[in-house]
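See below for the structure under consideration.
The values are calculated or read from the model by the stated rules, or taken from the named source; none is laboratory data. Please read all numbers here as calculations on a predicted model, not as lab measurements. Note that each Cβ is placed from the backbone with ideal geometry, even for glycine, and that neighbours are counted across all protein chains shown. Protein only, heavy atoms only, side chains kept; ligands, DNA and RNA dropped before computing areas. Shrake-Rupley method; radii C 1.70, N 1.55, O 1.52, S 1.80 Å.
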Amino acid sequence: MTATELAALNAKCAELRSFLIAHVSKNGGHLASNLGVVELTVALHKVYNTSVDRLIFDVGHQCYAHKILTGRRDGFKTLRSFGGIAGFPKPCESEHDAFVSGHASTSISVALGMARARSIIGGKYHIAAVIGDGALTGGQAYEALHDAGHSGLPMVVILNDNEMSITKNVGGVAKHLARLRNGQQYFKLKRIYHRLVMTAPGGRSVDRTLYKWKTGLKEYFFPSSLFESMGFTYLGPADGHDIKTLIRVLEYAKGLNKPILLHINTTKGKGYKYAEQNPPLYHGVPKFDAGKGLPKTNGELSFSGVFGQTLTELAENDKRICAITAAMGDAVGLSEFRKKYPKRFFDVGICEEHAVTMAAGMAKQGLRPFVAIYSTFLQRAFDQIIHDTAIMNLPVIFAVDRAGLVGDDGETHHGIFDTAFLDCVPNMTVLAPASYNELRTCIKYALELKSPVAIRYPRGGEGEYTGNYLKNTVLRKGDDITLVTYGTTVNDTLTAAEMLERDGISAAVVKLLRLTPIGTDYIQGKVLFVEEVYRNGSVAQRTGHKGLAIDGFVTHGTAEELRAMLGLDAAGIYKAAKEML
């Protein structure tokens, strides 16, 4: 590579960073993770042809530079907006997006599946998977590493090591990678060795002989690295912001024709001082002032914040209370709890299954664990909820955050399936508070129960309804139709009832608090359920009534835009009620 070419690539990286900061500050999005992989993304596009080769991003929220480099630069003004480009890879959006990826620890499994398809079909494409050290805390990643390494199939797994998931990484994997980071000189010497040996006469034969000798000697005297023991050839660690080194090592790894683990070190938020100083704040960020690094929000309270506040207050007098999170302590409102009760706060990494089973063990021995996980991620722990929690009727309390439509992250993050998979679990109680007051009351009530409890609440804040009922309640009487709802959807439902009244239609509004188990005493006359959940598993379906609900997966956009599209806003409820009558 000439000095001119290198300068051009570095200029491109600088321009990409400026572009990302400018556009994410206007639309919001995942900033720190994208800034950290700019050089890696540019290098990958120099080495691979992503319209043919398969590039899989783990989680996928670090794909912004990839999208810009594959013809979607002009669309970035619509990033994560209704009808615009998505914040995650979407094959329906571009042939360069190999796979939908919104949840962590899946990329190596996908890569191996594509490698096996290539072997069977006879394809000619190369495969690279980018996985962060945060996603590497997830158990599925190790299942895939073990299988992929021993398969012998050519693929390159790039470990993007920035010592972060959303917050600081924890556990044994983080310590293992910290030791490996000290081996930069080893990689440089290895490059020199290969350049000398492979250019000499009979170099390949010499290399094979030396490799067998070196491997045998190393295994006798030293334990192998975690990745080598799984069958991967380990390269690195390399500087993830040195574009020249990245291109060279990627070309080398691509040509080895076997499973490769390339370990690179990056800085999350690279090139934007505010993101470098506080990566968790700039993981998923709302609109912000790019010059000052200040979010354009009014700092209002949220359901997540109220959950954290309430739990912290109750924990002072109840020593049984513990808080568990899967790499999202700040996002689920547990920052203050962690500071005040560090010995009762447990961040297990991106390991939802482990979080639930560990909580079950804690509950079995007399503690009262609260497992705070987004609805969309709790799906991963369905077996553990049934097998390890419900069978023994253990008092684990699930704080199901981001229930319902979450907005601009789209179909991979909407929390619309929890009512279905939680309702079918014996011994489970499911509560759906509609206000901050009800959330506080639900938390206190859950502590009194001696069985599993799930408290589901939405992203963001409460609406005009601020009541506090610990039971299914008639909020408004009416004779012509009964509108039944729960959660913050009660606000649009009450507005729809007022609209109907102006048309001379008397509409009752019933607000549910307990979804599982559920009574039927509130059902009378013509009934229309309004639910911000997937229809299969909705309360309406369970009770055999008509209802407004969600059919299929939902795209990205603001929650308000999506409710309007789905007919779950006040206008949609009003229209459905009139049609029913």
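Details
- Restricting segment 443-457 to residues that are surrounded by 22 or more Cβ atoms within 10 Å (Cβ to Cβ) and in a loop (DSSP other than H, G, I, E, B), the residue that is nearest to the chain's Cα centre (by Cα): Tyr457
One line per residue, one yes/no per condition, for (1) among the aromatic types (Phe, Trp, Tyr); (2) over 23 Å from Gly87 (Cα atoms); (3) open to solvent by less than 60 Å² (accessible area, probe 1.4 Å):
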site	(1), (2), (3)
Pro279	no, no, yes
Glu313	no, yes, no
Asp318	no, yes, yes
Ile321	no, yes, yes
Thr325	no, yes, yes
Asp330	no, no, no
Leu334	no, yes, yes
Arg338	no, yes, no
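- Subset of segment 104-121 (residues that are in contact with a Gly (Cβ under 8 Å, 6 or more places away or on another chain) and on the phi < 0 side of the Ramachandran plot): Ala104, Ala117
- Residue list for segment 396-420, filter: outside any loop (DSSP other than H, G, I, E, B), touching a strand residue (DSSP E or B) at 6+ places or on another chain (Cβ under 8 Å) and farther than 11 Å from Gln379 by Cβ: Ile397, Phe398, Ala399, Asp401, Gly404, Thr419
- Scanning segment 248-270 for residues that are surrounded by fewer than 19 Cβ atoms within 10 Å (Cβ to Cβ) and either of a type in the set (Phe, Trp, Tyr) or over 18 Å from His61 (Cα atoms) (or both) gives Arg248, Glu251, Tyr252, Gly255, Leu256, Asn257, Lys258.
Quick grid of which residues meet (1) modelled with pLDDT under 95; (2) of a type in the set (A, V, I, L, M, F, W, C); (3) over 30 Å from Gly333 (Cβ atoms):
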{"site": "Thr245", "(1), (2), (3)": "yes, no, yes"}
{"site": "Leu256", "(1), (2), (3)": "yes, yes, yes"}
{"site": "Pro259", "(1), (2), (3)": "no, no, yes"}
{"site": "Gly269", "(1), (2), (3)": "yes, no, no"}
{"site": "Tyr274", "(1), (2), (3)": "yes, no, no"}
{"site": "Asn278", "(1), (2), (3)": "yes, no, no"}
{"site": "Gly284", "(1), (2), (3)": "yes, no, no"}
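- Where a residue in segment 272-284 is in contact (Cβ under 8 Å) with a residue 12 or more places away in the chain and its partner, wherever it lies, is assigned to a loop (DSSP other than H, G, I, E, B) and open to solvent by 60 Å² or more (accessible area, probe 1.4 Å), with Cβ under 6 Å and at least six apart: Pro280/Asp330
- Any pair with Cβ under 9 angstrom, 6 or more apart, that starts in segment 351-371 at a residue that is of a type in the set (S, T, N, Q) and in a helix (DSSP H, G or I) and ends at one that is open to solvent by less than 10 Å² (accessible area, probe 1.4 Å) and modelled with pLDDT of 95 or more: Thr357/Ala381; Thr357/Thr389
- Hey, Glu276 of a type in the set (D, E, K, R) and closer than 27 Å to Ala8 by Cβ or not: yes
- Subset of segment 448-479 that is in contact with a strand residue (DSSP E or B) (Cβ under 6 Å, 6 or more places away or on another chain) and of a type in the set (A, V, I, L, M, F, W, C) - its residue that is modelled with the lowest pLDDT: Val474
- Filter result for the condition that a residue is part of a helix (DSSP H, G or I), surrounded by fewer than 22 Cβ atoms within 10 Å (Cβ to Cβ) and at pLDDT 95 or above, over Arg440, Arg380: Arg440
- Residue satisfying all of: in segment 95-121; more than 17 Å from Ser151 (Cβ to Cβ) and small (Gly, Ala, Ser); surrounded by the fewest Cβ atoms within 10 Å (Cβ to Cβ) among these: Gly102
- Members of segment 44-69 found to be open to solvent by 20 Å² or more (accessible area, probe 1.4 Å), modelled with pLDDT of 95 or more and out of contact with any Leu (no Cβ under 9 Å at 6 or more places or on another chain), listed by number: Asn49, Ser51, Val52, Arg54
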